[in-house]
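Worksheet: the structure to be examined is printed underneath.
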Amino acid sequence: MRKSEELPEDHLIQRAADGDKRAFGILYKRYLDEIYRFAFYKVSIESVAEDITEETFLRIWEKLPSIYRSEGKIDNFRAYVYRMANNLVIDYYRRRKPVEMDLTLSISKNPSPEAVLDFKNTSQHPAEAIKGLEPEFQQIILLRFVNQLSHKEIAEIMGISDANSRVMQFRALKRLKEILSTEES
């Protein structure tokens with residue numbers, strides 16, 4: 001890793017806000033894959049996920065100087081990037097018919113110790129069951145277990161409190177367990 005890539009994030013954000021393209025490029029590389037993955041799981045179409053990812057970083061590049069001037073600093077840049085991507089996903093769905101979310105890969109590749117649900121003996125794949133959850137619960141599951149974000153980051157992205165993020169996760173997992181156990185009977 002080059003020395004400039006080891007710089008603290010606030011320093012990179014400051015430099016990017018001042019128009020430093022290399023600093024923004026480093027931030028872009030840090031978050032590109034996870035933002036693309038987030039967008040893809042939300043829309044299930046590669047080209048749309050790529051567009052949302054590109055638009056996310058383009059808007060951040062354009063808005064960063066004015067945000068930095070008015071607020072002085074961004075407390076959690078990662079949450080800011082996710083919030084921007086999430087807003088673009090919402091805009092996408094407002095303009096188009098809903099497209100089903102495919103979480104099959106996310107569940108099988110990123111099992112979480114917190115999701116202590118027994119998926120092996122169910123007649124329905126967990127990704128199918130997740131589609132049956134309310135949109136907010138789907139988002140909590142996606143952010144927490146696929147993108148492995150903290151409750152604090154999820155709270156910032158969704159505009160809720162940290163405690164509410166934990167409660168929603170608990171309820172989402174409880175509801176998911178209910179859906180899966182109903183399928184077994």
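The values are calculated or read from the model by the stated rules, or taken from the named source; none is laboratory data. The structure displayed is predicted, hence computed values, not measured ones. Because the Cβ atoms are built from the backbone with ideal geometry, glycine has one as well, and the counts that use them run over all protein chains shown. Just so you know, the surface numbers come from the protein's heavy atoms only, side chains and all, with ligands and any DNA or RNA stripped out. Shrake-Rupley method; radii C 1.70, N 1.55, O 1.52, S 1.80 Å.
Structure data summary
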quantity: Carbon + sulfur, % of accessible area of segment 6-100 - ligands and nucleic acids excluded, 1.4 Å; calculated: 47
quantity: Chain lengthening between residue 76 and residue 46 when straightened (0.36 nm per residue, less Cα-Cα); calculated: 8.1 nm
quantity: Flagged links, alpha-carbon separation over 26 Å, of 73/131; 152/174; 29/174; 21/152; 42/174; calculated: 73/131; 29/174; 21/152
quantity: Inter-probe distance in nm under a simple model that places probes 7 Å from Cα toward Cβ, at residue 22 and residue 171; calculated: 4.9
quantity: Spin-label model distance (nm) - residue 54 vs residue 7, 7 Å beyond Cα toward Cβ; calculated: 2.6
quantity: Order by protection proxy (mean Cβ within 10 Å, highest first), peptides 132-138, 24-30; calculated: 24-30, 132-138
quantity: Gain upon complete extension [residue 93, residue 63; 0.36 nm per residue less C-alpha separation]; calculated: 8.5 nm
